[in-house]
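Below: the structure, in structure tokens.
Just so it is clear, none of the values below were taken in a lab; they were calculated from the coordinates. Being a predicted model, the structure only gives us computed values, none of them experimental. Positions of Cβ are backbone-derived with ideal geometry, glycine not excepted, and every protein chain shown enters the neighbour counts.
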């Protein structure tokens with residue numbers, strides 16, 4: 001609900017006239033069924049992001065206490081340097097927290113299309129007859145709530161299908177389409 005409101009605000013105030021996903025799925029002879037993206041992963045990503053920032057500050061606090069206990073004339077200002085690098089590395093990941101909001105996935109009997117990003121969009125289209133392997137990646141919370149990420153591998157390339165509901169069911173659906181294609185090819 002909160003995530004949908006954020007997406008609606010982006011689409012209302014910053015319209016994207018050349019939506020790659022629409023161009024790839026609607027201008028095709030194939031009929032693409034949308035795969036539902038689980039927006040609960042947004043909340044999990046927010047919690048993990050906040051925990052990482054708290055972890056950096058907690059580590060600096062513990063090092064400061066231990067420094068004053070074990071080192072005479074301990075200078076706490078050196079912790080600034082120790083704190084800044086991990087904090088910047090964590091803040092660099094901040095846009096990834098919102099990435100779930102802008103994912104669209106479509107599956108047909110012949111291919112899969114994944115659009116990620118908003119301004120810097122990425123569009124991946126994969127023909128199912130080239131698939132060699134499908135991996136499922138979930139978090140413990142994702143396992144409980146039924147969402148995860150599929151990594152699909154082919155001859156020399158791969159595609160990531162992030163944040164989808166029922167990844168095991170989707171994997172089985174894709175594998176059945178692949179089997180149908182390979183059986184029809186002989």
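Structural remarks
- Members of the stretch 143-164 found to be buried (at least 18 other Cβ atoms within 10 Å of the Cβ) and in contact (Cβ under 8 Å) with a residue 60 or more places away in the chain, listed by number: 147, 161, 162, 163, 164
- So residue 47, is it under 12 Å from the mean Cα position of the chain (by Cα), part of a helix (DSSP H, G or I) and more than 30 Å from residue 184 (Cβ to Cβ): no
- Matching residues, the stretch 113-142, being part of a helix (DSSP H, G or I), touching a strand residue (DSSP E or B) at 6+ places or on another chain (Cβ under 8 Å) and touching a residue at least 40 places away in the same chain (Cβ under 8 Å): 128, 142
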